[in-house]
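Let me begin by presenting the structure, written as structure tokens, before commenting on it.
The values are calculated or read from the model by the stated rules, or taken from the named source; none is laboratory data. These figures come from a predicted structure and were not determined experimentally. Every residue, glycine among them, receives a Cβ derived from its backbone with ideal geometry; neighbour counts consider all protein chains shown. Accessible surface areas use protein heavy atoms only, side chains included; no ligands, DNA or RNA. Shrake-Rupley method; radii C 1.70, N 1.55, O 1.52, S 1.80 Å.
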Amino acid sequence: MIRLHGVIRAFCFPRKCYLGFRSKLLGNQQEIVQKSAPEFIASKLAERDVRHSKSGRSRYLVEPNIKDGKGGLRDLHTLFWISKYYFRVRSQKELRDKKVFSAAEFRQFTKAHDFLWAVRCHLHFLTGRAEERLSFDLQSQLAERLGYFTRPGQSAVERFMTHYFLIAKDVGDLTRILCSTLEEQQAKKATGIAGIFRSFTRRPKSIGGTTDFVSLNNRIQLAHDGAFEQDPVNILRMFQLAEERGLLFHPDAIHRVSRSLKLIDKKLRGDPLANKAFLATLTSRKTPERTLRKMNECGVLGRFMPEFGKIVAMMQFNMYHHYTVDEHLLRSIGILSEIEHGEVGEQHPLANEIMKNSPNRVALYVALLLHDIAKGRPEDHSIAGARIARKVCPRLGLDKQQTELVSWLVEQHLVMSNT
């Protein structure tokens, strides 16, 4: 386009005419973008979803596809393509200069981009072909080539794959940030009859029992900018409310949570109201797995429960686990919830029957969340996990009997599989 402009300017038009032509051309481009942007963005995101469905919907598969998998290179490319079309950026640097991402978010983008390309290049050199899957037989060799070393509790390959999954998580964070920015931009640009109609559909609705959150198109959103700063417990309340009311999460709300993680400190972890909100979310009779996963993806779960933070994105280098440790724990919660709802009666008839009238469901949910929480430590993770349970349970509001039951369940959780 620049070269064409130069030719037109040199041979066809005097400077004044050229500038007028260029201004009109850029104006036409802007008009086209404004009219077609929603369709283009939706198409690119739909393309991404199809790609994920083919390569595995979770970004925490232990043999991920580095190119097409969730959190892989193509997801970064999709973000850049959308930004090129909508924000008219020409280089990665302009993602920061045009405020698509903040300086910290841009560093996150370039770090993920460089890491994924380095791994992909080594993968191709190692196999001598366009291999995109990080299979078990290649992961150890890649870890060695990339300079990872074994440390107490974690092998070199587990450290390498943990790094990979943290990067994949960062890519997911950047996707949510961009979606939030795009939605805000589209709201500002709505004009005329369409704009009036959109203002009605976007009108926030109050949520009973709170003045700090509203519902916007069935998605929870902050009612005012100071909701978290004025009362950090609201970070946990937001997830509890969303779970209780069956609300989705507004991208901007998740973005603000990610930028408020520093508010989750020792004082908040010891706050009875915060712990009550977290326990209510964990033991919900609706969709606890979905809400806990969102808490994990935006960093809340690992900050509120530092013991959980240590196993986020942790790889288990064996054939008995298909996901990272944190993803394994969250999926376990989802399966227990399905059993409680009676959805898997054919596979688990006895468990279904027991869960109907279990007086210990709270202890079961907590034990399930904690059963692998001590993975990656030099000592037996069952014994270390039981010790963590005795520390965490009272903070969550469990009584002495419940605490001992949770601790016993964690310590003995391998007995059945060993038998």
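Counting only alpha carbon atoms, the long axis of helix 361-370 and the longest principal axis of the chain meet at about 60°.
Altogether, the Stokes-Einstein calculation at 25 °C and 0.890 mPa s, with the Kirkwood radius of the stretch 219-287 over Cα pairs as Rh, returns a diffusion coefficient of 199 µm²/s. Note on the chain: helix-only mean residue ellipticity at 222 nm, from DSSP H runs of 4+ residues weighted -39500 (n - 2.57) and normalised by residue number, equals -20500 deg cm²/dmol. Over the chain, Cα pairs under 8 Å with separation of 6+ residues give a relative contact order of 12 percent.
Report note on the peptides 383-396, 333-346: ranked by the mean count of other C-beta atoms within 10 Å, highest first, their order is 383-396, 333-346. Treating each Cα of the chain as an identical point scatterer and summing with the Debye formula, the log10 of I(q)/I(0) at q = 0.08, 0.14 Å⁻¹ comes to -0.53, -1.41.
Among all lysine pairs in the stretch 294-419 that are eight or more places apart or on different chains, how many have alpha carbons less than 21 angstrom apart?
Taking the stretch 294-419 as the scope, the lysine pair count is 5.
Diffusion coefficient (Stokes-Einstein, Kirkwood radius over C-alpha pairs, 25 °C, 0.890 mPa s) for the stretch 340-419: 182 µm²/s, rounded to a whole number. Straight-line cross-link reach from K267 at under 19 Å between alpha-carbon atoms covers these aspartates and glutamates, not counting any fewer than eight positions away in the same chain: E229, D231, E307. When all alpha carbon pairs of the stretch 31-173 are counted in 5 Å bins from zero, the resulting P(r) reads 2, 9, 18, 19, 19, 14, 10, 5, 3, 1, 0, 0 %. Taking only protein heavy atoms and a 1.4 Å probe, the accessible area of the chain is 56% carbon and sulfur.
For the chain, modelled as a GNM whose springs connect Cα atoms under 10 angstrom apart, the maximal fluctuation among N65, N296, N352 occurs at N352. On a per residue basis, the stretch 241-382 carries 45 Å² of accessible surface, using protein heavy atoms and a 1.4 Å probe. For the chain, the share of DSSP beta bridges that are antiparallel, to the nearest 5, is 80%. Taking only Cα atoms and a 10 Å spring cutoff, compute GNM fluctuations for the chain and point out the largest among E297, E47, E307. Its mean-square fluctuation being the largest, the pick is E47.
For the residues T127, T291, T162, a GNM of the chain with alpha-carbon springs under 10 Å puts the largest fluctuation on T127. With respect to the chain, whose longest principal axis is taken over its alpha-carbon atoms, helix 73-86 is tilted by about 40°. Axis of helix 400-411 versus longest Cα principal axis of the chain: the two differ by about 80°, to the nearest ten degrees.
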